[in-house]
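To start, the structure under review is shown below, and the notes come after it.
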Amino acid sequence: MTKEARQVLGLTVAVPGLVDVNGIVRVAPNLGWRDADLAGDLTKALRDPGFPVLVDNDANLAALAEHRFGPHRNAANLVYVTGEVGVGAGIVMDGRLRRGGQGYSGEIGHIELDPAGPTCRCGRRGCLEAVAGIGAILAHTAPDASPSELELEIDEVVRRARNGEQDILALLEDVGRHLGRGMAAVANMLNPEVVILGGYYVPLAPWLVACAEEELYGRVLAPGGGGCRLEVSTLGYGAAALGAAARVLDSVDSGRLPAQR
């Protein structure tokens, strides 16, 4: 029996931060990175492997995954919202991922919602991330939690919400309303067919979505929210990884194959 030949077609890395069009991580605050040439460093570490080494923002890649593999893959205009430590968005318009002039699109976490609100990691006050991000929830329930404990702490929030603890229900309602206000700004600017909540927003969705939808539809100028729907991702925490594979597959679909070695 002959062993089937296998070939690596590409490598894509998802990073939670600003990644320019050349694959340089300009700012990744949760990783402590600044101006890191991750694509170049990986290519050197792999000794110029002969296949493309790509680096992209995690929200962009998750949006690609939703557009290629998710239940909304027929939507030409969608926005994927990360629900991790930070809040970012991947934007697909007219069937194509939109990165902006230098690759920095989608930083919706720093839309200011409350000038008197809590201080954001960016130094400003009342950003969407500061009032409706996962960190905003854990600041009340587990302020000393480390990044490695996020999933456990979110599971605890879900448990308390299911038990009907009023302080948790009030907290999630407040976060949902702030989230809806942020999504209304996105809908007014981009008019997507669907906004998809991902990451840790998914297990919290039963307590967030109704309030978020009420704010969204009440604040979008176009009738009926401009046709925008608020949905919850079905791709799980691995959406960015699926999108990383999708970037490589897009190259293959375009006929760009790495040279065999």
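At-a-glance table
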| quantity | calculated |
| --- | --- |
| Selection count where residues are open to solvent by 60 Å² or more (accessible area, probe 1.4 Å) and free of Cβ contacts under 8 Å to residues at least 60 places away in the same chain, scope the stretch 221-234 | 4 |
| Hey, residue 116 modelled with pLDDT of 95 or more and among the small types (Gly, Ala, Ser) or not | no |
| Count - residues of the stretch 171-194 that are of a type in the set (A, V, I, L, M) and closer than 23 Å to residue 138 by Cβ | 5 |
| Selection count, the stretch 112-160, where residues are among the β-branched types (Val, Ile, Thr), closer than 25 Å to residue 63 by Cα and surrounded by fewer than 18 Cβ atoms within 10 Å (Cβ to Cβ) | 0 |
| Filtered residues of the stretch 65-103 (kept if under 18 Å from residue 193 (Cα atoms), in a loop (DSSP other than H, G, I, E, B) and basic (Lys, Arg)) | 73, 98 |
| Enumeration of residues in the stretch 1-45 that are without any contact (Cβ under 8 Å) to a residue 12 or more places away in the chain and open to solvent by 80 Å² or more (accessible area, probe 1.4 Å) | 1, 2, 3, 4, 5, 6, 34, 35, 41, 44 |
| Scope the stretch 89-105; condition open to solvent by less than 10 Å² (accessible area, probe 1.4 Å) and either over 22 Å from residue 19 (Cβ atoms) or among the small types (Gly, Ala, Ser) (or both); matching residues | 89, 90, 103 |
| Checking residue 60 against (1) over 23 Å from residue 200 (Cβ atoms); (2) not in a strand (DSSP E or B), the condition it does not meet | (1) |
| Subset of the stretch 198-220 [touching a helix residue (DSSP H, G or I) at 6+ places or on another chain (Cβ under 6 Å), free of Cβ contacts under 8 Å to residues at least 40 places away in the same chain and open to solvent by 30 Å² or more (accessible area, probe 1.4 Å)] | 217, 219 |
| Top-ranked residue in the stretch 55-75 [being in contact (Cβ under 8 Å) with a residue 24 or more places away in the chain and open to solvent by 40 Å² or more (accessible area, probe 1.4 Å); ranked as farthest from residue 28 (Cα to Cα)] | 71 |
| Selected residue (only one of 150, 128, 78 is touching a residue at least 12 places away in the same chain (Cβ under 8 Å) and in contact with a Pro (Cβ under 7 Å, 6 or more places away or on another chain)) | 78 |
| Conditions (1) without any contact (Cβ under 8 Å) to a residue 12 or more places away in the chain; (2) surrounded by fewer than 17 Cβ atoms within 10 Å (Cβ to Cβ); (3) farther than 30 Å from residue 76 by Cβ; (4) not aromatic (Phe, Trp, Tyr); number of the one not met by residue 189 | (3) |
| Meets criteria (crowded, with 17+ Cβ neighbours inside 10 Å and under 28 Å from residue 227 (Cα atoms)) for residue 194 | yes |
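The values are calculated or read from the model by the stated rules, or taken from the named source; none is laboratory data. A quick note: this is a predicted structure, and the numbers were derived from the prediction, not measured. Here Cβ is always computed from backbone atoms with ideal geometry, including for glycine, and neighbour counts include all displayed protein chains. For accessibility, only protein heavy atoms count, side chains too; no ligands or nucleic acids. Shrake-Rupley method; radii C 1.70, N 1.55, O 1.52, S 1.80 Å.
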